[in-house]
Amino acid sequence: LGPTPSRHIGVDLGGTNIKWVAIEIAGGNVAILASDEIPTNGASGPANVAQRVAEAAGVAQQAAGAALTLGVGLPGKFDPARGTVTFLPNIAGDWNGVELARIAGEGVGLRCLLINDARAFALAEHAAGGGRGCRNLLGITLGTGIGGGIIIDGRLHLGIDGSAGEFGHQTVLLDGPVCGCGMLGCVEALAKSACLAALAEQPTARAATEAAKRGDATALAAFETVAGWLAIAIANAIVLLSPDRIVLGGGGAQAGDLLLEPLRGMVRERVTMVPVERVKILQSELGPTAGAIGAALWGAGVGH
Ligand SMILES: [Zn+2]
């Protein structure tokens, strides 16, 4: 990726919406040309949803003019060599073996690279958001589940089959509640959006945030509790990685300082082996399109 501007498209397959973005990369700067979303219609089944991903890529292609590459982010696991989905827990149907990369790429005549959505989030925040200019970054997405992505020296750390960065599946409570991954006491099982809402006695995490902003004591206590679980997992990650920055995104991070303030304090109390005062803990700058931007960047070869 040289100084000559090049255009790329990205699609973020989510449980509710499929977001797409067209970006231009020039000399290390990322500009967003256009973005939008269509409903996932998850109940229509994997074949239809994969077709909708291709449809979104087509619209993005038109918006971009002539895009060079396509990346698709998905909330689950996949076989990077084959471009097939292996595990997609939050979208209905049997996704194992669905040739998502082929289906999405064929529609626009481009090779398609797949990336986990939380890894895409980390990549986007590093290249164009709250992590700009830093070397080592941990990205965390707080939503239906809790995801993560690790950037080391500007490159996405993938591990075996892209499985590195599963921040949400660290055990933080021995014999804690059952997690979607099958283990007990993962931070996801204690701090995902549904947990925040339940603790705040509100229907959704968004309602919990509104209540906390009004000063509701139950909602404020819920944020303290969730921050406490996240602080254990973040402190563990800091001790292991010593990142420059940690960026939190997803619906659960929209509370901003309501969550981040108690979190920063609790993280500091738990870390002595790393100069924790130099680790910046920030809210996402890119918002809900971060995943699609990261997918486009990955497709373009950024972070490899
Ligand atoms: Zn888990």
Report task. Assuming R0 = 30 Å, can you tell me the calculated FRET efficiency for the pair residue 242 and residue 6, based on Cβ-Cβ distance, to the nearest 0.05? Result -> 0.35
Query - Between the range 240-304 and the range 170-214, the Cα center-to-center distance that results, in Å - result: 18
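Set the Förster distance to 45 Å, then compute FRET efficiency between residue 55 and residue 274 from the Cβ-Cβ distance, nearest 0.05. List each step's numbers first, then the result.
Values: r = 46 Å, r/R0 = 1.02.
Rounded to the nearest 0.05, the efficiency is 0.50.
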Query - Nearest 10 degrees, 0 to 90: helix 290-300 Cα axis against the chain principal axis - result: 40
Report task. First select every other residue whose beta carbon is under 9 angstrom from the beta carbon of residue 294; then total the charges, Lys and Arg +1, Asp and Glu -1. Result -> -2
Query raised in the report: Roughly what angle does helix 117-128 make with the longest principal axis of the chain, taking Cα atoms, 0 to 90 degrees, to the nearest 10?
Result: 90
Report task. Taking the Cβ of residue 13 as the centre, find all other residues whose Cβ is under 15 Å away and add up their charges (Lys, Arg: +1; Asp, Glu: -1). Result -> -1
Report task. Grab the other residues whose beta carbon is less than 15 angstrom from that of residue 206, score K and R as +1, D and E as -1, and report the net. Result -> 0
Report task. Give a residue-ordered list of calculated ³J(HN,Hα) values for the range 47-60 (Karplus: 6.51 cos²θ - 1.76 cosθ + 1.60, θ = phi - 60°; whole Hz; x for Gly, Pro). Result -> 5, 5, 5, 4, 5, 5, 4, 4, 4, 4, 4, x, 5, 4
Query - In Å², nearest 10: area of residue 19 left accessible to a 1.4 Å probe - result: 40
Query raised in the report: Among 153, 117, what's the order by accessible area (1.4 angstrom probe), most exposed first?
Result: 153, 117
Report summary line: Distance in Å, no decimals, from the C-alpha centre of the range 87-159 to the one of the range 1-63 is 13
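For 99, 188, give the ranking by accessible area with the largest first, probe 1.4 Å. Walk me through the numbers on the way to the answer.
Values: 99 80, 188 25 Å².
Of 99, 188, the descending order of accessible area is 99, 188.
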Query raised in the report: Relative to the present Cα-Cα distance, how much length would full extension add between residue 160 and residue 217 at 0.36 nm per residue of separation?
Result: 16.1 nm
Report summary line: With every protein chain in place, the accessible area of residue 167 for a 1.4 Å probe, in Å² rounded to the nearest 10, comes to 10
Query - Residue-wise HN-Hα coupling along the range 142-154, computed from phi with Karplus coefficients 6.51, -1.76, 1.60 (Hz; x: Gly, Pro) - result: 10, x, 3, x, 10, x, x, x, 10, 10, 10, 6, x
Query raised in the report: Taking springs between alpha-carbon atoms closer than 10 angstrom, which of 44, 35, 193 fluctuates most in the Gaussian network model of the chain?
Result: 44
Query raised in the report: Stretched out fully, how many nm does the piece from residue 201 to residue 41 gain, at 0.36 nm a residue minus the Cα gap?
Result: 54.7 nm
Requested in this report: Provide the solvent-accessible area of residue 261, counting protein heavy atoms only and rolling a 1.4 Å probe, rounded to the nearest 10 Å².
Outcome: 100
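Hey, can you find the accessible area per residue of the range 28-146 for me, probe 1.4 Å, expressed in square angstrom?
Values: 5050 Å² over 119 residues.
Ligands and nucleic acids excluded, the figure is 42 Å² per residue.
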Query raised in the report: When the chain is fully extended, how far beyond the present Cα-Cα distance does residue 173 get from residue 62, taking 0.36 nm per residue of separation?
Result: 35.1 nm
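The values are calculated or read from the model by the stated rules, or taken from the named source; none is laboratory data. Please read all numbers here as calculations on a predicted model, not as lab measurements. Neighbour counts run over all protein chains shown; Cβ positions are idealised from the backbone, glycine included. Just the protein is used for accessible areas: all its heavy atoms, side chains included, with ligands, DNA and RNA removed. Shrake-Rupley method; radii C 1.70, N 1.55, O 1.52, S 1.80 Å.
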